[in-house]
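The values are calculated or read from the model by the stated rules, or taken from the named source; none is laboratory data. What you are looking at is a predicted structure, and each value in this text was computed from that prediction instead of being measured. Neighbour counts are summed over all protein chains in view; Cβ atoms, including those assigned to glycine, are modelled from backbone coordinates with ideal geometry.
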Amino acid sequence: MKKILVLTLLLLGCSQASYSVPLVTYTTTGTSGNYTLDFTLTNTIDPSYDKNLYFWEVNLAPNSIGSPNGWGQWNNGLSWNTASGTTYQSVWSGAYLSPGASISGFTVNAFAIPLDIKFYAYAYGSSIYALSDSFNSPSTNPGFEGTATLAGSSSDPEPAALMLLGIGLAGLGFTRRRKHSR
C-alpha cells in the first residue's frame, strides 16, 4: 500500500501544470537579410491570480508589422525602458489575453535570426499576485521579463516527458528494492 501511495504522489507531482512568467515563442520565415519573425504570446500565469496580459514587447528594432485582434503597436513604436535596463523597441498593447490563452501574429522584420530575444509583459487583474517572479506593482500590474524561444527548440521539458521520467524512476526504485529483498 505504501508503494502505491508513493507512486501516486510521484505521478501527481509530475503531472501538475507549471505556471510561470508568460511564454513567448517565435517562428521564422524568409531568407538571409530578409526574415520575418512571428511571435506567439501565451499567458501562463497561474489562473487563480486572474491576471490578463495587456501590454508586451520584444527587444528588436522598431519595425513591427503585426497587430492581431486589437493589439496595436504602442505609441508608434517608441522604445520602452524597464527596471532591468533593457530597452524594448517593438511594443504591442490594446487587448487582453486571459490566463491559458495564446495569440500569434506579432511580426517583426529582421536582417538575421536572433537567438536571444528578450521580452517584457505586463499583466492586470483584481487579485494580488504573490509570486516572486515579477516586478512593478504586484497588487495589480505585475511585470515579467524573459527570453523568447525559437519554436521547436525549447529547453524546457514537456509535462509528458516529466511524467515518463517519474514513472521510470519509480520503476527503477521498485525493481531495485525487489532485488534487495530476495
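Of the residues making up the stretch 44-80, those that are of a type in the set (Ser, Thr, Tyr), part of a loop (DSSP other than H, G, I, E, B) and modelled with pLDDT of 80 or more number 2.
Taken as a whole, the stretch 113-120 holds at least one residue that is of a type in the set (A, V, I, L, M, F, W, C), modelled with pLDDT of 70 or more and under 15 Å from the mean Cα position of the chain (by Cα). When the criteria are applied in full, Leu131 meets the requirement of being part of a loop (DSSP other than H, G, I, E, B), over 22 Å from Ala151 (Cα atoms) and touching a residue at least 40 places away in the same chain (Cβ under 8 Å). Listed conditions (1) assigned to a strand (DSSP E or B); (2) farther than 20 Å from Asp133 by Cβ; (3) out of contact with any helix residue (DSSP H, G or I) (no Cβ under 7 Å at 6 or more places or on another chain) are all met by Leu41, apart from (2). Across the stretch 96-107, not a single residue is classified as modelled with pLDDT under 90 and either part of a helix (DSSP H, G or I) or closer than 17 Å to Trp56 by Cβ (or both).
Considering Ser127, Ser153, Ser134, Ser90, the condition of being of a type in the set (Ser, Thr, Tyr), more than 15 Å from Thr42 (Cα to Cα), under 16 Å from the mean Cα position of the chain (by Cα) and modelled with pLDDT of 70 or more is satisfied by Ser134 alone.
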